[in-house]
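Student: Right, I'll just put the structure down here and ask away after.
The values are calculated or read from the model by the stated rules, or taken from the named source; none is laboratory data. Bear in mind the structure is a predicted one, so any value in this text is a computation, not a measurement. Note that we place each Cβ from the backbone using ideal geometry, even for glycine, and neighbour counts take in every protein chain shown. With ligands, DNA and RNA removed, areas are computed over all heavy atoms of the protein, side chains included. Shrake-Rupley method; radii C 1.70, N 1.55, O 1.52, S 1.80 Å.
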Amino acid sequence: MAKMRVPKRYIIVFLTFLCTNACYVERVGFPIAYTDAADNAKINESSKGLILSVFYYGYVISQIPGGWAAQRFGGRRVLLWSFVMWSFTCAFTPLDPERTTFLILSRLLIGVGQGFIFPSIHTVLAQWVPPHERSRSVSLTTSGMYLGAACGTLILPSLVRYGSRWIFRIEAFLGFLWSLIWYKFSVDPPRTSMGEGSLPISRSRERLKLTNRIPWKRIIFSLPVWAIVVNNFTFHYALYVLMNWLPTYFDKGLQTSLEELGFSKMAPYIFMFLFSNIGGAVADHLITKRMFSITWTRKLLNTIGFMVSAVALMVLPLVRTVSWTLICASISLGSLALGRAGFAVNHMDVAPKYAGIVMGVSNTAGTVAGIVGVWLTGLMLESSKKESEDLTSFEGWKMVFLVQGFLCIISSVVYLAFSTGERIFE
């Protein structure tokens, strides 16, 4: 029997899925390990917040440089270098809450290392994946984030009993293991248009010439690019606010701890994993069968995802029960993941040659949204706390979820008005 040959692009996509999975295991793992060690050392909340936030500052400043580096040196190489960098740093991160300077530097380096990853991934996928497979390829890749977060949240806390340092060791091991697999099985895309992917890339000299012609001004002033940026901002605003503040809502607003929720606390992440892949499959089906153009496929799924999420977010503070809160949160995040088949794939539609650059620009906005959203939510709750003396009042939480809901509606309208699925950067 002839040996079945798996198309190389399928292997590349699957490896990028494992890549995002490992990254998010690390992201949820550090707070678990550090919080346990910091609590034992009696570190105050302000110091904890500083250490936990440093990662995102490194992450946000490296997005656009990551897109440039992927364009200049090739996404495959930059992806490998960045993975080795954060894995090595993670392996030698000191888990001593008293050594604040070393912790800040290590978290900053890990943030920078992971900041190069998504622009590099988009550069790689733009080179390998043909247009009719882009939606499900990007959706599968990004769904690794949600599965990694779910698995990390469920499994890593059990390692604390053996010592918090074990979490760092597991994360570093996963990072080095993925790096070895990527080094062995990844290759540069075909050099001619007869290859598997949609964007032929030849020698590094041609990449250099391409880099020198990056149309920065057109990218910055492009309305379709801004449509992507606005929706990336809103997606991460809602995601980070729910990830960071939903546990507090359960604890203070609903008087229920996460431990009491058991496996059900994984529901929002599982919904994101499922609907991310469903959205990608539906989008590619609509495009392949020519039921809709690429433009209207992106608009349709983005609109459905963000509008449904908006409704769920606005209903969430009204239901006031644990089960219905979980349902609303799962629908909201699942719908946003569905919407990624719109805006998140759109980088490769409008600028396949510069997908890493556009991804770097939009992901910078997304990371800023996470930082601003978490901080602004804290201010809103602190103001509410002063008025009602605690966070058990549902009135104090309404504004938190309404802001997210209105942002989803505004972003959906912006995307409907200005997005396109056509290539606008040659």
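Student: Which value does Rg/Rh take for segment 1-124 over its C-alpha atoms, Rh per Kirkwood?
Tutor: Here Rg/Rh amounts to 1.10.
Student: Find the all-direction average of the projected area of the Cα convex hull for segment 274-426, expressing the result in square nanometres with one decimal place.
Tutor: 9.9
Student: Further, regarding this structure: Using only DSSP helix segments of four residues or longer, with each worth -39500 (n - 2.57), what per-residue ellipticity at 222 nm results for the chain after dividing by its residue count and rounding to 500?
Tutor: -25500 deg cm²/dmol
Student: A further question follows. Positive end of the charge dipole of segment 1-117 (Lys, Arg +1 and Asp, Glu -1 on Cβ, about the Cα centre): tell me which of ALA41, THR89, TYR10 has its Cα farthest that way.
Tutor: Of the candidates, TYR10 comes out farthest on the positive side.
Student: Can you work out ³J(HN,Hα) from phi for every residue in segment 396-405, in order, using Karplus 6.51 cos²θ - 1.76 cosθ + 1.60 and θ = phi - 60°, giving whole Hz and x for Gly and Pro?
Tutor: 3J(HN,Hα) across segment 396-405, in whole Hz: x, 8, 4, 4, 4, 7, 5, 4, 5, x.
Student: Give the angle, between 0 and 90 degrees and rounded to the nearest 10, that separates the Cα long axis of helix 267-288 from the longest principal axis of the Cα atoms of the chain.
Tutor: 20
Student: Rounded to the nearest percent, how much of the accessible area of the chain (1.4 Å probe, protein heavy atoms only) is carbon and sulfur?
Tutor: 67
Student: At 1.4 Å probe size, with every protein chain present, just tell me what the per residue accessible area of segment 327-426 comes to in Å².
Tutor: 35
Student: At a 10 angstrom cut-off on C-beta neighbours, averaged per residue, how do the peptides 344-352, 321-329, 74-82 rank from highest to lowest?
Tutor: Packing proxy ranking, top to bottom: 344-352, 74-82, 321-329.
Student: Could I ask something else about it? What is the ratio of the Cα radius of gyration of the chain to 2.2 N^0.38 Å, with N the residue count, to two decimals?
Tutor: Here the Cα radius of gyration is 0.96 times the empirical estimate.
Student: Could you tell me whether segment 1-72 comes out rounded, prolate or oblate from its Cα gyration tensor? Rule is a ≥ b ≥ c as square roots of the eigenvalues, rounded for a/c under 1.5, then prolate if a/b exceeds b/c, otherwise oblate.
Tutor: Oblate is the answer for segment 1-72, as a/c is 1.5 or above yet b/c matches or exceeds a/b.
Student: To the nearest 10 Å², what's TRP86's accessible area with a 1.4 Å probe?
Tutor: Around 0 Å² of this residue is reachable by solvent.
Student: Once you have the Cα-Cα distance between ILE104 and LEU177, take 0.36 nm times their residue separation minus that, and quote the gain in nm to one decimal.
Tutor: 23.7 nm
Student: Modelled label-to-label distance, VAL372 and HIS132, 7 Å Cα→beta-carbon offset: nm?
Tutor: Calculated label separation equals 4.1 nm.
Student: Using the heavy atoms of the protein chains and a 1.4 angstrom probe, tell me the accessible area per residue for segment 147-190 in square angstrom.
Tutor: That works out to 53 Å² for each residue.
Student: Still on this structure, I have one more. Could you give the length gained on full extension between VAL413 and HIS285, defined as 0.36 nm per residue of separation minus the Cα-Cα distance, in nm?
Tutor: Gain in length upon complete extension: 43.7 nm.
Student: Mind pulling the angle between the C-alpha long axis of helix 134-155 and the longest principal axis of the chain? Nearest 10 degrees, somewhere in 0 to 90.
Tutor: For helix 134-155, the angle is close to 30 degrees.
Student: Return one whole number: the accessible area per residue of segment 1-86 in Å², for a 1.4 Å probe.
Tutor: For segment 1-86, the per-residue accessible area is 46 Å².
Student: What does the charge dipole of the chain about its Cα centre add up to, to the nearest 20 debye, if the Cβ of each Lys and Arg holds +1 and the Cβ of each Asp and Glu holds -1?
Tutor: Roughly 1880 debye, rounded to the nearest 20.
Student: Working from Cα positions, state the angle (0 to 90°, nearest 10) between the long axis of helix 100-115 and the longest principal axis of the chain.
Tutor: Orientation of helix 100-115: about 40 degrees from the principal axis.
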